[in-house]
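Colleague: What follows is a single structure, and I will ask about it in a moment.
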Amino acid sequence: MAGNIRVLIVDDLPETRENVRKLLQFESDIEVIGQAGTGEEAVKMAKEHQPDIILMDINMPGIDGIGASQQITESVPSVQIIIMSVQSDPNYLRRAMMAGARDFLTKPFGGDELVAAIRRVHDKRPTVTAAPARQARQVSSNVPAEPMALPEGNVIAVYSPKGGAGCTTTAINLAVALARRGRRTILVDGSLQFGDVSVMLNMKAMTSIADLSDRGSELDQELISSISQVHRSNLNVLLAPPRPEMADIVTEENIKQLLAVLKESFDFIIVDTTSYLSEKTLSILDQADKIVLIAQQNLSSLKNVSRFFDLAESLEYETQKVWLVVNRAKTKQGKGISVHDVGKALKRPVYGTIPDDEITVTDASNQGVPMVMGEHQKKPISLAIIKIADQIARELMEGKTPMSNNKVEADKPKGLFGRLFSRRESAGG
Ligand SMILES: Nc1ncnc2c1ncn2[C@@H]1O[C@H](COP(=O)(O)OP(=O)(O)O)[C@@H](O)[C@H]1O
Ligand SMILES: [Mg+2]
């Protein structure tokens, strides 16, 4: 059958190979074309038979699975490798990914898990090989030249100190709104473990930010074009890895380089973030030109947002770096906290307000169509986000805000604690 996924099983233990073969024997679209017991044999068979997928054990006598994967990736690039290992620690995963592996199964695994991994990796194969040229064109020429474009783009991180405040919803819709205005815009899912941009935009993580890891100096616009995808709103999207454990292979350094390179090709780089201030999230916030800080009209949100403002001050972010946006704003609050009160309590101007509209938000996310572009684009909630996007574009593109404020210092101490502590030391003597 032409549509068959041709699989080669590599493991030094014959009974493991046999078990894996049995798990696949009733899948009509998967055909096991052979088995290899050593790394050397695997390389030879890969060249000879050009399977679609290789299921590769790591620990084998002779060249191990990682060495074999490296050789196969170089000589038969069409082959997609899935590593099977009892080791699930991130270092192993990182080494395997560096060697060109596309996915990772922890032994023992069941049939469903195995079949799902094979189909997922196989599905992403054509795009990985066909994408670069097409997307490079889309990034560079599909977008009208922007006469007002600043030489460097603006990184806008959407952040909230509390999960569930609406960062992802806001980030996606802001990004789509900017893209639809003809701005060269990319949305980066910085929620690396459980990013949900892909679901909300109905896109598959065939390529993801994890493909950047360990490409170090190679990280350039061409690589980014090949691993980002283009949404039909003309928004470029860099998705989070398809599996949570793959988040670990993306380093803080990768993120730094990524944002620096993106600034060369886009007007706006919108980054969705998670609440937890990990080293990676901090690095995004440091590098951001603006932070859209999402607050809600309740005490717990206000308390956390207020703490974040204190933190921002300790981290020496300029006051204008943080833009306060009230999400799920309720007009009829009764005795509750009004939007005006939010600004007053936090002693900051409210940059924008997004109304509460659960029905529209839920419907848009179920459809996988952002509300600012689908049937809901005329709803007050969508108009509110479009208004914020226009405001952002106007302020940043007209150059009211100097772009050179937020250069990252070279040797910041590690971690939030280290950063704050070292500041106190230098301040207090
Ligand atoms: N303006 C809004 N009106 C109604 N519901 C909203 C609004 N913004 C977000 N939500 C809902 O709140 C929940 C959390 O939103 P999400 O964007 O995922 O937040 P975060 O990324 O900060 O965790 C989701 O169920 C989303 O549908
Ligand atoms: Mg989120």
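The values are calculated or read from the model by the stated rules, or taken from the named source; none is laboratory data. In this text the structure is predicted, and so the values were computed from the model without any measurement. Don't worry about glycine lacking a Cβ; one is built from the backbone with ideal geometry, like all the others, and counts go over all protein chains shown.
Colleague: For region 191-206, what are the residues that are hydroxyl-bearing (Ser, Thr, Tyr) and either free of Cβ contacts under 8 Å to residues at least 12 places away in the same chain or surrounded by 22 or more Cβ atoms within 10 Å (Cβ to Cβ) (or both)?
Modeller: Once the filter is applied, which keeps residues that are hydroxyl-bearing (Ser, Thr, Tyr) and either free of Cβ contacts under 8 Å to residues at least 12 places away in the same chain or surrounded by 22 or more Cβ atoms within 10 Å (Cβ to Cβ) (or both), region 191-206 yields only 191.
Colleague: Can you confirm whether residue 206 is away from ligand 2 (no atom under 13 Å from the Cβ), in contact with a helix residue (DSSP H, G or I) (Cβ under 8 Å, 6 or more places away or on another chain) and modelled with pLDDT under 95?
Modeller: Criteria met by residue 206.
Colleague: Counting only residues that are at pLDDT 95 or above, give me the helices (runs of 4 or more DSSP H) lying completely in region 39-136 with at least 1 of them.
Modeller: So the answer is 39-49.
Colleague: I've got another one for you. Restricting the first residue to region 346-371 and requiring it to be in the same structural domain as residue 171 (by TED's automatic domain parsing), which pairs with a second residue that is away from ligand 2 (no atom under 16 Å from the Cβ) and hydroxyl-bearing (Ser, Thr, Tyr) meet a Cβ separation below 6 Å and a spacing of at least six or different chains?
Modeller: 346/306; 371/360; 371/382
Colleague: Now for a separate question. Taking only region 203-225 into account, find how many residues are over 14 Å from the mean Cα position of the chain (by Cα) and assigned to a loop (DSSP other than H, G, I, E, B).
Modeller: Selection size over region 203-225: 4.
Colleague: Here is a follow-up. Return the residues of region 264-286 that are within 17 Å of residue 185 (Cα to Cα) and at pLDDT below 95; say none if nothing qualifies.
Modeller: Passing the criteria: 264, 265, 266, 267.
Colleague: Out of 179, 171, which single residue is within 16 Å of ligand 1 (Cβ to nearest atom), at pLDDT 90 or above and not in a loop (DSSP other than H, G, I, E, B)?
Modeller: Testing whether each residue is within 16 Å of ligand 1 (Cβ to nearest atom), at pLDDT 90 or above and not in a loop (DSSP other than H, G, I, E, B) leaves just 171.
Colleague: Would you call residue 187 in contact (Cβ under 8 Å) with a residue 60 or more places away in the chain, within 16 Å of ligand 2 (Cβ to nearest atom) and touching a His at 6+ places or on another chain (Cβ under 6 Å)?
Modeller: Considered against the rule, which asks whether it is in contact (Cβ under 8 Å) with a residue 60 or more places away in the chain, within 16 Å of ligand 2 (Cβ to nearest atom) and touching a His at 6+ places or on another chain (Cβ under 6 Å), residue 187 comes out as no.
Colleague: Have a look at 392, 354, 385, 381 and point out the one that is assigned to a helix (DSSP H, G or I), within 16 Å of ligand 2 (Cβ to nearest atom) and surrounded by 15 or more Cβ atoms within 10 Å (Cβ to Cβ).
Modeller: Selected residue: 385, the only one of 392, 354, 385, 381 that is assigned to a helix (DSSP H, G or I), within 16 Å of ligand 2 (Cβ to nearest atom) and surrounded by 15 or more Cβ atoms within 10 Å (Cβ to Cβ).
Colleague: Moving on to the next point. Pairs only if they're at least six apart or on different chains, beta carbon under 8 angstrom, first in region 21-35 and in the same structural domain as residue 119 (by TED's automatic domain parsing), second of a type in the set (Asp, Glu); list them, first residue then second.
Modeller: These pairs meet every condition: 35/11.
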